[in-house]
Amino acid sequence: QMGQLHQSVAAELADPASAILDIERKVTQLTRSGELPVDNFGVPLAGGLIPWIDKQLDNGQTREEWKGQAETNKILGTANTIPVDGLCVRIGALRCHSQAFTIKLKKDVSIPTVEELLAAHNPWAKVVPNDRDIT
């Protein structure tokens, strides 16, 4: 899909005098045309967002949102379920998988302490500081 979008505006991208709004208009037109493949997600992923990932559950969540709680509790190995609610939206990204979350604690814990606990819990977990240059 990204290749098709690029090809549709390749001439404009090669010309420094091209107007960005003209490029955006052509990309939007192709995205809405029905010509992009939709085999994997049912709608084009390039240039957009897809809410309602996977199946809808009876509790109003999607299966992908439910997995946020299930996987959190599995990773933490907790006996008592930690409630997690979220909103999952698929985006057209080349190389990333990220998660941002808000937690409600029963006692005061400093942000550096929470970051240390999260970073130390699993070798594959990486806490990215809230710093413009780093992110």
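In the structure shown, the pairs LYS55/LYS106; LYS67/LYS106; LYS67/LYS126 are assessed against 30 Å; a Cα-Cα span above that value is assigned to LYS55/LYS106. Our estimate of slack between GLN4 and ILE75, defined as 0.36 nm per intervening residue step minus the Cα-Cα distance, is 21.6 nm. Per-residue Karplus couplings for the range 10-21, computed as 6.51 cos²θ - 1.76 cosθ + 1.60 with θ equal to phi - 60°, are listed in order as 4, 5, 5, 5, 6, 9, x, 7, 5, 8, 4, 5 Hz, Gly and Pro entered as x. Mean projected area of the convex hull spanned by the Cα atoms of the range 2-47, taken over all viewing directions: 3.1 nm². Basic side chains Lys and Arg get +1 at the Cβ, acidic Asp and Glu get -1 at the Cβ, and with that the dipole of the range 2-47 about its Cα centre reaches some 100 debye.
For the range 1-67, the list of trypsin sites (Lys or Arg not before Pro) that fall in a loop by DSSP and count at most 13 other C-beta atoms within 10 angstrom reads LYS55. Can you give the translational diffusion coefficient of the chain in µm²/s, computed by Stokes-Einstein from the Kirkwood radius over Cα pairs at 10 °C and 1.306 mPa s? Result for D is 85 µm²/s.
Subtracting the Cα-Cα distance of LEU21 and HIS121 from their residue separation scaled by 0.36 nm leaves 31.4 nm.
Rule-based calculations on the coordinates, nothing more; no lab input. Keep in mind it's a predicted model, so treat the numbers as computed, not measured. Here Cβ is always computed from backbone atoms with ideal geometry, including for glycine, and neighbour counts include all displayed protein chains.
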